[in-house]
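Notes for the one structure printed next.
The values are calculated or read from the model by the stated rules, or taken from the named source; none is laboratory data. Given the structure is predicted, the values throughout are model-derived calculations rather than measurements. Cβ placement follows ideal geometry from the backbone for every residue including glycine, while neighbour counts extend to all protein chains displayed. In case anyone asks, the SASA skips ligands and DNA or RNA and just uses the protein heavy atoms, side chains included. Shrake-Rupley method; radii C 1.70, N 1.55, O 1.52, S 1.80 Å.
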Amino acid sequence: MDTARTRAATLRELLARYDHEYYVLDAPSVPDAEYDRLFRELQQIERADPALVEADSPTQRVGAAVSGAFAAVHHPLPMLSLNNAFDDDEVLAFDRRVRERLTEEGLPVAQLRYSAELKYDGVAVSLRYERGLLAQAATRGDGTTGEDVSANVRTVRAIPLRLLGIAPAVLEVRGEVLMYRRDFDRLNERQRAAGEREFVNPRNAAAGSLRQLDPAVTAARPLRFFAYGVGEVAGAALPGAHSTLLDWLAGIGLPVGAERSVVDGPQGLLGFHRRMQSLRPRLAYDIDGVVYKVERRDWYDAIGFVARAPRFALAHKFPAEEALTELLDIEVQVGRTGKLTPVARLHPVFVGGVNVTNATLHNEDEIARKDLLIGDTVVVRRAGDVIPEVVRALPERRGEPPPRRIFTMPRACPVCGSAVVREEGEADWRCVGGLYCAAQRKQALLHFAQRRAMDIDGLGEKRVDQLVDAGLVRTPADLYRLDVATLAGLQRMGATSAASLVEAIGRSRRTGFARFLFALGIRHVGEEVARVLAQRYADTDALMREDWAALVAAKAAAQKDNARRRARGEPVGPVPLERIGPEIVASLQRFFGEPHNRQVIAELQRAGIGFVRQADAGERLAGRTFVVTGMLPTMSREQAHEVIRRHGGTVASSVSRKTDYVVAGQAPGAKLERARELGIAVIDEAILCGMAGESTQRQAPDNPNLSVKRDPA
């Protein structure tokens, strides 16, 4: 008895504090699931021994005390809360109790139907309309007395100031003020930019916005409203069914949720619950369950009430999306592109309908921002199919065991041991051993083999998976050791396919240096940067010998000298790697300075990789700038770009006065019009190939877009 009394007192104290945080301070410290668990425990204790029920018990009232910041509003009809169901059995029991009550009252149980709707995760309010005009708005408060928030509610554009078509003496509309998720995200972005405290969730943001002392602040917050019932009514005849009442409210200009239905029996209730749970992630706003109400409103008094809730209605909650657990450790995973992601290892907790043991932590900055320590009690959230995440820690519990530890990001890749770096302005750390790291292996091979890189036909995603999973290929250099016999032994790979792949790999040994550089997958080195580097450096040995610090100093000195020349009106001088910025230089230095990468490059050289220099193809298009538009007869735009660049030309993405030729195909678009405006020569694919000294696969058809002869000199 003493143990139960002590526990009940502890629970009352805890729940009172959590109520105050939630309803008055708008700063909840525990998830709803934790509150619900404690509330149900107190209910069970009081149910077992009614003598333990105290007048101030949270089970005897709906909400919390009124804040002194707003005038008090007495509700003529109490704004009751609803009993909660957390599993199917409790829903079956609710239906059974309703049927038993109807039978006792001599009402036709066969006519029993239910109205099913969403349980919005917002703030309950009462809107009092007098003669059709909004006269007052109040929060629920403790269910009997709420807070006057009329000035703030008037700023919510979803709430009409005048009803449509009717003007009853009194119509009290009850509903929920909430905030859409996208609006919540934008609000927190503004809070961060202004250096203000961020809101925990959309419900918290809606509550904080509705209870502002300055209505101008509320007006700037994107609040919404859904009506779900009525309170006091005078001078209006209401529909007899709840679903019809909601339609009627919508007809007089009040927002009503679209996701609702009238169902028969417990299976109809449970079916609606399942449908809404699957729909939940796609809704624009948060819900935490569904609500069932007996459809016939004239039966409500007969079915009756309990101390804090009606017997004719029930809230069927979804599995909690937030729960408390312990952060056991933080481990680091390496992604396909080398990104290091910290992952929380959690004490198993049931949240969002599944047992969760891991959760994403995004990056090092996010861990610091949330002030997470290994060993903390943390709030974990999982909504729908969204990856679980750690929302925040509860630092007030750090006085309890176990001891806490600070997490630090490793300075070497946990997979391959290569260096990890974090570039200026970025949140993520990355492994630089791209050619060697097992975590990046498949991504590196796919990039290496793609058409714009080494162009190894037949080496797609499924084949790469097969080669890596079989242990045949670890780095790109291993590709050149494959033979027909080895490949033919793989599943779904016959001798003909194996021979074709070996031949394609063999052809890739002779390639352009720019293609090879691009194939290496160096961060920030795309095709254009690779071409610039290939013009300066003969091969990878030259790049690995480069004194990058000296290069950066030379670039800075040349740029400074050119600034002085411009000021004097003199011609500017050359700048080493003029189009290569410091971010790219740093990336090159890291990549070629990593021993693992140098080892793979040496193996590629031993495999016979050789480079065809751009000069070998001639410089027939040197000094000319081309823009390609429309669909060409025999080649793609990328192939046309390759022809231009192979012969020394420059490709631009837009037409300007610096453009020499526009290569036009079918359906060329606005670029052709721009070329004509500027008087720029327009040619077709056949003319381009003729200028480059290459032949097309077939004769191009007559093109009415041309504005030069077929052999421009």
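For first residues located in segment 533-560 and within 23 Å of residue 595 (Cα to Cα) and in contact (Cβ under 8 Å) with a residue 24 or more places away in the chain, partners that are of a type outside the set (D, E, K, R) and open to solvent by 60 Å² or more (accessible area, probe 1.4 Å) and lie 6+ apart or on another chain with Cβ distances below 6 Å form the pairs 548/589.
I'd like to know if segment 165-182 contains one or more residues that are modelled with pLDDT of 90 or more, farther than 29 Å from residue 131 by Cβ and open to solvent by less than 40 Å² (accessible area, probe 1.4 Å). There is at least one residue in segment 165-182 that is modelled with pLDDT of 90 or more, farther than 29 Å from residue 131 by Cβ and open to solvent by less than 40 Å² (accessible area, probe 1.4 Å).
The one condition from (1) in contact with a strand residue (DSSP E or B) (Cβ under 9 Å, 6 or more places away or on another chain); (2) more than 23 Å from residue 124 (Cβ to Cβ); (3) not polar (S, T, N, Q) that residue 185 does not meet is (1). Being of a type in the set (Phe, Trp, Tyr) and either within 19 Å of residue 223 (Cβ to Cβ) or out of contact with any strand residue (DSSP E or B) (no Cβ under 7 Å at 6 or more places or on another chain) (or both) is a property that residue 129 has.
Just one of the listed residues (469, 465) is of a type outside the set (Phe, Trp, Tyr) and open to solvent by 60 Å² or more (accessible area, probe 1.4 Å), namely 469.
Could you list, in sequence order, all residues of segment 270-311 that are farther than 30 Å from residue 184 by Cα and either among the small types (Gly, Ala, Ser) or assigned to a helix (DSSP H, G or I) (or both)? Hits for segment 270-311 are 270, 271, 297, 298, 299, 300, 301, 302, 303, 304, 307, 309.
Out of 624, 565, one residue alone is in contact with a Ser or Thr (Cβ under 9 Å, 6 or more places away or on another chain), within 23 Å of residue 658 (Cβ to Cβ) and not aliphatic (A, V, I, L, M). It is 624. Output the residues belonging to segment 492-524 that are part of a helix (DSSP H, G or I) and closer than 14 Å to residue 444 by Cα. Result: 516, 517, 518, 519.
Each residue in segment 93-130 was checked for being buried (at least 21 other Cβ atoms within 10 Å of the Cβ) and polar (S, T, N, Q), and 2 of them qualify.
Looking at residue 356 and the list (1) in contact with a Pro (Cβ under 6 Å, 6 or more places away or on another chain); (2) aliphatic (A, V, I, L, M); (3) open to solvent by less than 10 Å² (accessible area, probe 1.4 Å); (4) at pLDDT 95 or above, which single condition is not satisfied? For residue 356, the exception is condition (4). Within segment 189-214, the residues that satisfy the criterion of being touching a residue at least 12 places away in the same chain (Cβ under 8 Å) and out of contact with any helix residue (DSSP H, G or I) (no Cβ under 7 Å at 6 or more places or on another chain) are 200, 201, 203, 204, 206, 207, 208, 211, 213.
How do the pairs read when you match residues in segment 291-306 that are surrounded by 14 or more Cβ atoms within 10 Å (Cβ to Cβ) with residues anywhere that are of a type in the set (D, E, K, R) and not in a loop (DSSP other than H, G, I, E, B), using Cβ under 6 Å and keeping only pairs 6 or more apart or on different chains? Pairs that qualify, where the first residue is surrounded by 14 or more Cβ atoms within 10 Å (Cβ to Cβ) and the partner is of a type in the set (D, E, K, R) and not in a loop (DSSP other than H, G, I, E, B), are 291/117; 291/119; 303/101.
Of the residues contained in segment 452-462, one or more are found to be within 30 Å of residue 551 (Cβ to Cβ) and open to solvent by less than 30 Å² (accessible area, probe 1.4 Å). When you scan segment 429-437, do you find a residue that is free of Cβ contacts under 8 Å to residues at least 60 places away in the same chain and more than 11 Å from residue 340 (Cβ to Cβ), even just one? No, that holds for no residue. Of all residues assigned to segment 590-608, at least one qualifies as being within 30 Å of residue 693 (Cα to Cα), in contact with a Lys or Arg (Cβ under 8 Å, 6 or more places away or on another chain), touching a residue at least 60 places away in the same chain (Cβ under 8 Å) and open to solvent by 20 Å² or more (accessible area, probe 1.4 Å). Any residue at all in segment 141-156 that's within 28 Å of residue 276 (Cα to Cα) and of a type in the set (Lys, Arg)? No, the conditions are met nowhere in segment 141-156. Please work out which residue is least open to solvent (accessible area, probe 1.4 Å), limiting yourself to segment 33-65 and to residues that are at pLDDT below 85 and over 27 Å from residue 290 (Cα atoms). My answer is 54. Take the residues in segment 6-32 that are open to solvent by 60 Å² or more (accessible area, probe 1.4 Å) and either under 29 Å from the mean Cα position of the chain (by Cα) or of a type outside the set (D, E, K, R) (or both), then tell me which one is modelled with the lowest pLDDT. Per the stated criteria, the residue is 23. Can you confirm whether residue 404 is open to solvent by less than 60 Å² (accessible area, probe 1.4 Å), touching a Gly at 6+ places or on another chain (Cβ under 6 Å) and basic (Lys, Arg)? The answer is yes for residue 404.
The set of residues in segment 642-662 being open to solvent by 40 Å² or more (accessible area, probe 1.4 Å), within 39 Å of the chain's Cα centre (by Cα) and under 24 Å from residue 679 (Cβ atoms) consists of 650, 653, 654, 656.
Any residue at all in segment 663-679 that is in contact with a helix residue (DSSP H, G or I) (Cβ under 8 Å, 6 or more places away or on another chain), open to solvent by 10 Å² or more (accessible area, probe 1.4 Å) and modelled with pLDDT of 90 or more? Within segment 663-679 (the criterion being in contact with a helix residue (DSSP H, G or I) (Cβ under 8 Å, 6 or more places away or on another chain), open to solvent by 10 Å² or more (accessible area, probe 1.4 Å) and modelled with pLDDT of 90 or more), the answer is no, since none of the residues qualifies. The requirement of being aliphatic (A, V, I, L, M), under 44 Å from the mean Cα position of the chain (by Cα) and at pLDDT 80 or above is satisfied by residue 627.
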